[in-house]
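J.: Shown below is the structure under consideration.
The values are calculated or read from the model by the stated rules, or taken from the named source; none is laboratory data. Every value quoted in this text rests on a predicted model; they were computed, and no experiment measured them. Reconstructed Cβ throughout: ideal geometry from the backbone, glycine too, with neighbour counts over all protein chains shown. These area figures cover heavy atoms from the full protein model, side chains too; ligands, DNA and RNA do not enter into them. Shrake-Rupley method; radii C 1.70, N 1.55, O 1.52, S 1.80 Å.
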Amino acid sequence: MDRVINKRRIIISGREESFQVAFIKNRKRISILVDDTGEIQVRCPPGVPLKNVDSLLVREKSWLNNRLVDIRSKNRHRQTLGEGAALPFLGDRLTLRLGAWGRGTVFRCGDDLWITRINTENMDMNLCIRRPLERWYLRSALAYFPRRLDHWSKEMGVSFNHLRIRNQKTRWGSCSSRGNINLNWRLMWAMPQVVDYVIVHELCHRIHMNHSTAFWSSVKQFIPDWEVYREYLKTMDSPW
Ligand SMILES: [Zn+2]
């Protein structure tokens with residue numbers, strides 16, 4: 001096996017933090033990494049005793065603390081994905097529910113979004129919640145965007161070639177000169193009107209491949225409040 005993962009705990013600044021230790025074949029040195037969600041990961045060569053890893057983290061405590069404080073203040077508006085977390089979804093607010101039972105599925109029941117087979121002990125949040133949750137949003141986008149795109153394409157009398165649903169951090173949508181439209185699944189965090197605005201925006205690029213006055217007046221014809229939605233998207237950030 002190339003990768004063996006261990007979960008450990010450490011007290012930093014009075015808080016208990018968990019970290020992940022991955023033993024990776026062919027790795028020469030130990031490295032500590034804090035990702036942008038504030039998860040601590042240690043990568044090391046196979047065979048390094050865990051107590052050596054622990055003492056390295058103890059030595060690096062103040063660096064780790066600074067890094068965590070920094071990331072957490074940046075992510076202040078974000079929430080931990082746990083039981084009860086609020087999940088924006090096309091203008092609705094779903095509540096994340098975690099079940100230890102079941103077969104590892106994600107499903108919506110009313111305003112609850114369930115992720116099952118979650119073992120809260122020794123849990124890797126990224127692996128167990130974030131990934132299945134983001135896959136669920138992606139699947140929902142795959143069902144929703146084509147319907148809205150078809151609707152607007154007919155309404156506007158503008159054709160397109162191909163729709164791709166993308167996983168991008170900063171871009172909401174794009175349209176190529178060949179008429180291929182890309183939409184970001186993260187638009188599912190926004191209200192339906194915002195999704196419509198992005199779709200109309202991209203379809204308008206089939207008429208004007210620029211952001212000229214003529215382009216914006218085409219957008220306005222179908223989405224009179226486009227400026228509100230455009231501003232909204234500038235500040236929309238990840239809810240987790
Ligand atoms: Zn544009």
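J.: Of 210, 167, which residue is within 12 Å of the ligand (Cβ to nearest atom), outside the structural domain of residue 91 (by TED's automatic domain parsing), open to solvent by 20 Å² or more (accessible area, probe 1.4 Å) and free of Cβ contacts under 8 Å to residues at least 40 places away in the same chain?
T.: 210
J.: Additional query: Might you let me know whether region 131-153 holds any residue that is within 16 Å of the ligand (Cβ to nearest atom) and not aliphatic (A, V, I, L, M)? Reasoning before the result, please.
T.: The initial filter retains those residues of region 131-153 that are within 16 Å of the ligand (Cβ to nearest atom), namely 149, 152.
Okay, now just the ones that are also not aliphatic (A, V, I, L, M), so 152.
Yes, there is a match, as at least one residue in region 131-153 is within 16 Å of the ligand (Cβ to nearest atom) and not aliphatic (A, V, I, L, M).
J.: May I ask you to list the residues in region 93-106 that are in a strand (DSSP E or B) and exposed (fewer than 12 other Cβ atoms within 10 Å of the Cβ)?
T.: Applying the first criterion (in a strand (DSSP E or B)) to region 93-106 yields 93-98, 106.
93 - this is the single residue of region 93-106 that is in a strand (DSSP E or B) and exposed (fewer than 12 other Cβ atoms within 10 Å of the Cβ).
J.: I need the full set of residues from region 190-206 which are open to solvent by 20 Å² or more (accessible area, probe 1.4 Å) and under 20 Å from the mean Cα position of the chain (by Cα), in order please.
T.: Those that are open to solvent by 20 Å² or more (accessible area, probe 1.4 Å) and under 20 Å from the mean Cα position of the chain (by Cα): 191, 192.
J.: Also, quick follow-up: Quick one: which of 217, 140, 153 is over 30 Å from residue 35 (Cα atoms) and open to solvent by less than 40 Å² (accessible area, probe 1.4 Å)? Break it down into steps so the answer makes sense when it comes.
T.: Working: 217 fails: open to solvent by less than 40 Å² (accessible area, probe 1.4 Å); 140 fails: over 30 Å from residue 35 (Cα atoms).
Checking each option against the conditions leaves just 153.
J.: Report, ordered by the first and then the second residue, all pairs with beta carbons closer than 7 Å, sequence separation of six or more or different chains, a first member in region 50-62 that is more than 11 Å from residue 31 (Cα to Cα), and a second member that is polar (S, T, N, Q) and open to solvent by 40 Å² or more (accessible area, probe 1.4 Å).
T.: 50/6
J.: Can you find even one residue in region 182-195 that is in a loop (DSSP other than H, G, I, E, B) and either farther than 23 Å from residue 240 by Cβ or within 15 Å of the ligand (Cβ to nearest atom) (or both)? Full working, then the answer.
T.: The initial filter retains those residues of region 182-195 that are in a loop (DSSP other than H, G, I, E, B), namely 190-191.
Cutting the leftovers down to either farther than 23 Å from residue 240 by Cβ or within 15 Å of the ligand (Cβ to nearest atom) (or both) gives us none.
No: region 182-195 contains no residue that is in a loop (DSSP other than H, G, I, E, B) and either farther than 23 Å from residue 240 by Cβ or within 15 Å of the ligand (Cβ to nearest atom) (or both).
J.: Can you confirm whether residue 59 is open to solvent by 50 Å² or more (accessible area, probe 1.4 Å) and in contact with a strand residue (DSSP E or B) (Cβ under 6 Å, 6 or more places away or on another chain)?
T.: Numbers: open to solvent by 50 Å² or more (accessible area, probe 1.4 Å): yes; in contact with a strand residue (DSSP E or B) (Cβ under 6 Å, 6 or more places away or on another chain): no.
No; evaluated as a whole, the condition is false for this residue.
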